[in-house]
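Student: Just dropping this structure here.
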Amino acid sequence: MDVARTRKATHVGRVCGGREKGRSRCKKAKGRTARAVAVDGGWEKEESTGKRKLGVGARVLLVGAVGAVCAQPLRAAYQSLVEIYQTSLVTHPVLNKSVVSMLLFSASDLLAQFGAEKKEHVDVLRLARMAAYAALIDAPLSHHWYQGLDQAMPASTGRNVLLKVALSQVVWEPIIVSVLVLSNIAMRMQPPSAWMGELKQKLVMTVKVSWKVWPAIHVLNFCYIPPSQRVAFCSLANLIWVAYLSVVTNKQVKKKNQDKLQTQPA
């Protein structure tokens, strides 16, 4: 009798256990499908919340429709800006190049500050100095330099291109770097006694690095860029040049500091 009861209890336990397992499996299945998505006419409906949202295809169509509506006004605005730029390049070439150089030099300095130097806040005075130098000094001087080279050697022959590149690197590069360093020192209100030491230090380093970068840029400039666009092209190249120079300078400083720490006694 006891054996029969035990078998019956075991059978009931197995059945109940199976039911419990079945219930738990159902609950897990319901949990997995609670957020199942039903697509209906481009809309997605979440079964758990009942909210409806756009499907992927509908989103793509919506973005395409917005782009098609905005494309024509944007294209018209772009064409207007190009016409204004081309007209001012003929009527006011120095002013045009000054504005372009100011914008590109400012962008280059911001790239150097946040990209290479990892600053948390922008140095506004430094940014203003670079913008003022680009608009008032670099662009006007570069305009007359490239204009003089084109007037002296108008043909784009291989000999003329090589001669222009050599003059730009040997004559123009030391002059414009010296002007940049001295103007920056003057705008920082440094005493005249510190001018020559800083000029010697930064001039030699900058000119050496420029001889590795700028010859190829000048070849492209004199071979393929129209004379009226050469100052803008050089300003665009400066966007990378200033950031590159900042990275090189910071690496050298870090290396010197590491060498000093290693040589110090423990």
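The values are calculated or read from the model by the stated rules, or taken from the named source; none is laboratory data. In this text, all values refer to a predicted model and were calculated from it rather than measured experimentally. A quick note on method: Cβ atoms are made from the backbone with ideal geometry, for glycine too, and the neighbour counts reach across all protein chains shown. Heads up: the accessible areas ignore ligands, DNA and RNA and are worked out on the full protein's heavy atoms, side chains in. Shrake-Rupley method; radii C 1.70, N 1.55, O 1.52, S 1.80 Å.
Student: Check 228, 210 and return the single one that is at pLDDT 85 or above, part of a helix (DSSP H, G or I) and either open to solvent by less than 60 Å² (accessible area, probe 1.4 Å) or within 21 Å of residue 148 (Cβ to Cβ) (or both). Please lay out each step first, then the result.
Tutor: Values: 228 fails: at pLDDT 85 or above.
Selected residue: 210, the only one of 228, 210 that is at pLDDT 85 or above, part of a helix (DSSP H, G or I) and either open to solvent by less than 60 Å² (accessible area, probe 1.4 Å) or within 21 Å of residue 148 (Cβ to Cβ) (or both).
Student: Just to be sure I understand, how many residues within region 76-98 are at pLDDT 85 or above and either under 18 Å from residue 145 (Cα atoms) or open to solvent by less than 70 Å² (accessible area, probe 1.4 Å) (or both)?
Tutor: Of the residues in region 76-98, 9 are at pLDDT 85 or above and either under 18 Å from residue 145 (Cα atoms) or open to solvent by less than 70 Å² (accessible area, probe 1.4 Å) (or both).
Student: If you don't mind, another one. Taking into account only those residues within region 166-194 that are free of Cβ contacts under 8 Å to residues at least 40 places away in the same chain and part of a loop (DSSP other than H, G, I, E, B), which is farthest from residue 234 (Cα to Cα)? Outline the logic, then answer.
Tutor: Initial filter on region 166-194 (free of Cβ contacts under 8 Å to residues at least 40 places away in the same chain): 166-167, 170-172, 174-178, 181-182, 185-186, 189-194.
Retained after the next criterion (residues that are part of a loop (DSSP other than H, G, I, E, B)): 189-191.
On the way: 189: 28, 190: 29, 191: 32 Å.
Looking at the filtered set, the residue picked out is 191.
Student: Would you say residue 125 is farther than 23 Å from residue 213 by Cβ and in a helix (DSSP H, G or I)? Before the answer, list the steps.
Tutor: Values: farther than 23 Å from residue 213 by Cβ: yes; in a helix (DSSP H, G or I): yes.
Answer is yes for this residue.
Student: Only one of 130, 189 is on the phi > 0 side of the Ramachandran plot and either at pLDDT 85 or above or surrounded by 14 or more Cβ atoms within 10 Å (Cβ to Cβ) (or both); which? It would help to see each step written out before you state the result.
Tutor: Working: 130 fails: on the phi > 0 side of the Ramachandran plot.
Just a single option satisfies the conditions, and that option is 189.
Student: Residues of region 113-127 being crowded, with 18+ Cβ neighbours inside 10 Å and in contact with a Lys or Arg (Cβ under 9 Å, 6 or more places away or on another chain), which ones? First the steps, then the outcome.
Tutor: Narrowing region 113-127 to residues crowded, with 18+ Cβ neighbours inside 10 Å: 113, 116.
Passing the criteria: only 113.
Residue-wise test of (1) outside any loop (DSSP other than H, G, I, E, B); (2) in contact (Cβ under 8 Å) with a residue 12 or more places away in the chain; (3) among the basic types (Lys, Arg).
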{"site": "111", "(1), (2), (3)": "yes, yes, no"}
{"site": "121", "(1), (2), (3)": "no, no, no"}
{"site": "129", "(1), (2), (3)": "yes, yes, yes"}
{"site": "136", "(1), (2), (3)": "yes, yes, no"}
{"site": "145", "(1), (2), (3)": "yes, yes, no"}
{"site": "149", "(1), (2), (3)": "yes, yes, no"}
{"site": "161", "(1), (2), (3)": "yes, yes, no"}
{"site": "164", "(1), (2), (3)": "yes, yes, yes"}
